[in-house]
1. To the nearest 10 square angstrom, how much accessible area does Met93 have with a 1.4 angstrom probe?
2. Points 7 angstrom from Cα along the Cβ direction at Gln117 and Asn144: gap in nanometres?
3. Per residue of the range 96-103, what does 6.51 cos²θ - 1.76 cosθ + 1.60 with θ = phi - 60° give for ³J(HN,Hα)? Whole Hz please, x for Gly and Pro, Karplus curve as stated.
4. Between Asn103 and Gln77, what is the spin-label point distance in nm, taking each point 7 Å from the Cα along the Cα→C-beta axis?
Amino acid sequence: MNNQVPILIVIGLLSLFHGCKTTYRTIPLGSVTFAEKQRVYNFGKRQLESCITRQFIQISSREATKNLSTLTLEEMQEMCDWLDYQNGKFIDMELVEIVDQRNTENCLVYRYKANFQRNEILNEIRIWVNADGKFSGFIIREWNNEFPGRPYKQKIKFKDRDKVNSENSKTSVRK
């Protein structure tokens, strides 16, 4: 009996640690209208295709929050330069999941896998849409199967490429 107590404690602790694994809530892709998914896709694709054409269009305050709509054309240029340097030209993106953060941040996060000319690093594109239907964030970073929440509250300066590269190639536009 005494030998079983430590084993039961270990089993109990393992169960506790397994039960504490961080999870996030997703919503089925089919529960969002095709029109809404297309609107989000078009927004992200428009931003990334501007890297190819170099014809940057200011993000409108009608479609995005103030923080995102004040993104400067110079910041977009820096992001594009960095993406071109690391990944080559943008080709397309595929919606993988929609994370429901309406309980914590009152928004949905659309997660896309990005396809570039060079795919040595699998990239993800995250687009936040708030409850008002406005785009509130846009991030490009290395793909991670787990969704770690919102660790990118601060904007990464693209001028500091060494720092960005040392942080697992995280690229942020604004959030």
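1. Answer for Met93: close to 10 Å² accessible.
2. It works out to 2.9 nm between the two label points.
3. For the range 96-103, the Karplus-derived couplings read 9, 7, 10, 8, 8, 10, 5, 6 Hz, x marking Gly and Pro.
4. Here the answer is 4.5 nm between the modelled labels.
The values are calculated or read from the model by the stated rules, or taken from the named source; none is laboratory data. These figures come from a predicted structure and were not determined experimentally. As a convention, Cβ positions derive from the backbone with ideal geometry for all residues, glycine included, and neighbour counts pool all protein chains shown. With ligands, DNA and RNA removed, areas are computed over all heavy atoms of the protein, side chains included. Shrake-Rupley method; radii C 1.70, N 1.55, O 1.52, S 1.80 Å.
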